[in-house]
Amino acid sequence: MELCDRFGRAIEYLRVSVTDRCNLRCLYCMPASGCAWKPQEQILRYEEIVVIVREMARLGATKLRITGGEPLVRKDLVSLIAQLVQVPGIEEVALSTNGMLLERCAEALKAVGLSRVNISLDTLDAAKFSQVTRLGNLETVLRGIHAAQRVGLHPVKLNCVLLRGINDEEIDRFALLTMTQPLHVRFIELMPLGNPEFFNPDRFFSVADAKARCEEWGELIAVEELVGSGPATAYRYRNGRGTLGFIGALTCSFCHRCNRLRLTSDGWLRPCLDSRTGVNLRDPLRCGVSPDDLDALIRQAVEMKPESHQMNLAMRQDEFETMCAVGG
Ligand code: SAM
């Protein structure tokens, strides 16, 4: 039953965007005014997401990540996760969040079977945090991170987008955090996605340079296995309690290992973060598609998967996709 693409990659991982809305307006992700949100009736209902996930699992998917927009702004997300963890074949359901609403729901998420969380954290400086996220509060997110640790949503990963001139001076602070705390920092290269007005090659900072900075503090030892390490190569310091990961979205090619599809909040199955194309599952679902036809549509999306993404530093602004629309 395995889903395999034209390049021999087995598809085992589905990223499910549950909303395009977000309670933050990160500089690189969205314009200050936000995006033109999709009308409510276009957004997949929870029962529709469950039908798609069941079919994907029957075809071999074992891992899910819930994302957005900000998934925790969607009402009753806990009940969706409770249903998804029960789908036969699904072994892990993880969540990507900005952490603003995490403190109050971490316990409930853990209780229904969420495996772990990735929390976006681009700076450890409160004033800068407000500047980068426009609407965020660092203290609130730190409380969310502690709540995730307290309830056992391990490993807690922190996603830090490298922004030259904004947070590159903080790479050391993030690195040192992994020496003293069981936190897993992943440095991510800025991609030409999201807010075209912000993106500029001068703001780009490579993961190779970030890794060199981290190495100034001690030898980095490659970590053989960190659950769900995906496109990141993970390392730890000797005696370090956490790990460091480097996601070279533009400078390192990891597409050959890509095992994922993306379900947008309005029900398109996208073969790649960088794809403009995909397969509309929502309309057929609402017209009573048969399981066989749903299978065929999923396979069609897998067939469309490109060998690698085409994002690069020279991309024109009109070529940008909004991250919140695709699902980060
Ligand atoms: N709101 C959730 C969160 O904060 O994790 C999920 C969606 S968010 C779009 C997913 C991740 O994409 C975040 O870690 C964010 O920093 C990252 N992201 C958004 N735009 C990006 C860009 N242009 N380049 C690199 N990462 C980006």
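Residues checked against (1) at pLDDT below 95; (2) in contact with a Ser or Thr (Cβ under 9 Å, 6 or more places away or on another chain); (3) assigned to a loop (DSSP other than H, G, I, E, B); (4) under 22 Å from residue 290 (Cα atoms):
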| position | (1), (2), (3), (4) |
| --- | --- |
| 33 | yes, no, yes, no |
| 48 | no, no, no, yes |
| 64 | no, no, no, no |
| 111 | no, no, no, no |
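Taking residue 156 and the conditions (1) more than 23 Å from residue 219 (Cβ to Cβ); (2) open to solvent by 20 Å² or more (accessible area, probe 1.4 Å); (3) at pLDDT 95 or above, which numbered condition does it fall short on, given that it satisfies the others?
(2)
Consider only pairs whose beta carbons are under 6 Å apart and that are at least six residues apart or on different chains; among these, list those whose first residue lies in the range 153-178 and is of a type in the set (Lys, Arg) and whose second residue is surrounded by 22 or more Cβ atoms within 10 Å (Cβ to Cβ).
Listed by first residue and then by second, the contacts come to 157/118; 157/184; 157/186.
Inspect all residues belonging to the range 167-190 and state whether any of them is open to solvent by 20 Å² or more (accessible area, probe 1.4 Å), within 16 Å of the ligand (Cβ to nearest atom) and in contact with an Asp or Glu (Cβ under 9 Å, 6 or more places away or on another chain).
No, there is no match, as no residue in the range 167-190 is open to solvent by 20 Å² or more (accessible area, probe 1.4 Å), within 16 Å of the ligand (Cβ to nearest atom) and in contact with an Asp or Glu (Cβ under 9 Å, 6 or more places away or on another chain).
Going by what's in this entry, would residue 236 be described as surrounded by 18 or more Cβ atoms within 10 Å (Cβ to Cβ) and modelled with pLDDT of 95 or more?
yes
When you go through 9, 45 one by one, which is the residue that is among the charged types (D, E, K, R) and in contact (Cβ under 8 Å) with a residue 12 or more places away in the chain?
Just a single option satisfies the conditions, and that option is 9.
For residues that are over 19 Å from residue 175 (Cα atoms), outside any helix (DSSP H, G or I) and over 19 Å from the mean Cα position of the chain (by Cα), tally how many sit in the range 114-150.
Number of matching residues: 3.
Regarding the range 37-44, can at least one residue be identified that is open to solvent by 40 Å² or more (accessible area, probe 1.4 Å), within 15 Å of the ligand (Cβ to nearest atom) and under 26 Å from residue 147 (Cα atoms)?
Checked against the condition, which is being open to solvent by 40 Å² or more (accessible area, probe 1.4 Å), within 15 Å of the ligand (Cβ to nearest atom) and under 26 Å from residue 147 (Cα atoms), the range 37-44 yields no hits at all.
May I ask you to say which residue of 275, 308 is in contact (Cβ under 8 Å) with a residue 40 or more places away in the chain and not aliphatic (A, V, I, L, M)?
Just one listed residue meets the conditions, 308.
Using beta carbons and a limit of 7 Å, which pairs, at least six apart or on different chains, have the first residue in the range 60-89 and within 15 Å of the ligand (Cβ to nearest atom) and the second one polar (S, T, N, Q) and open to solvent by 40 Å² or more (accessible area, probe 1.4 Å)?
70/23; 73/23
Which residues, taken from the range 109-145, are open to solvent by 20 Å² or more (accessible area, probe 1.4 Å), within 19 Å of residue 186 (Cα to Cα) and within 14 Å of the ligand (Cβ to nearest atom)?
120, the sole residue that qualifies.
Kindly evaluate residue 215 against the criterion of being within 15 Å of the ligand (Cβ to nearest atom) and open to solvent by 70 Å² or more (accessible area, probe 1.4 Å).
no
Scanning for something modelled with pLDDT of 95 or more, farther than 27 Å from residue 200 by Cα and not in a loop (DSSP other than H, G, I, E, B), does the range 17-28 turn up at least one residue?
Within the range 17-28 (the criterion being modelled with pLDDT of 95 or more, farther than 27 Å from residue 200 by Cα and not in a loop (DSSP other than H, G, I, E, B)), the answer is no, since none of the residues qualifies.
Go over the candidates 193, 220, 261 one by one and state the one that is among the aliphatic types (A, V, I, L, M), under 23 Å from residue 70 (Cα atoms), away from the ligand (no atom under 16 Å from the Cβ) and open to solvent by less than 40 Å² (accessible area, probe 1.4 Å).
The match here is 261.
Residues 148, 94, 106: which one is open to solvent by less than 10 Å² (accessible area, probe 1.4 Å), among the small types (Gly, Ala, Ser), modelled with pLDDT of 95 or more and within 20 Å of residue 13 (Cα to Cα)?
94 is the lone residue from the list that is open to solvent by less than 10 Å² (accessible area, probe 1.4 Å), among the small types (Gly, Ala, Ser), modelled with pLDDT of 95 or more and within 20 Å of residue 13 (Cα to Cα).
The values are calculated or read from the model by the stated rules, or taken from the named source; none is laboratory data. In this text the structure is predicted, and so the values were computed from the model without any measurement. Because the Cβ atoms are built from the backbone with ideal geometry, glycine has one as well, and the counts that use them run over all protein chains shown. Calculation scope for accessible area: heavy atoms of the full protein, side chains included, ligands and nucleic acids excluded. Shrake-Rupley method; radii C 1.70, N 1.55, O 1.52, S 1.80 Å.
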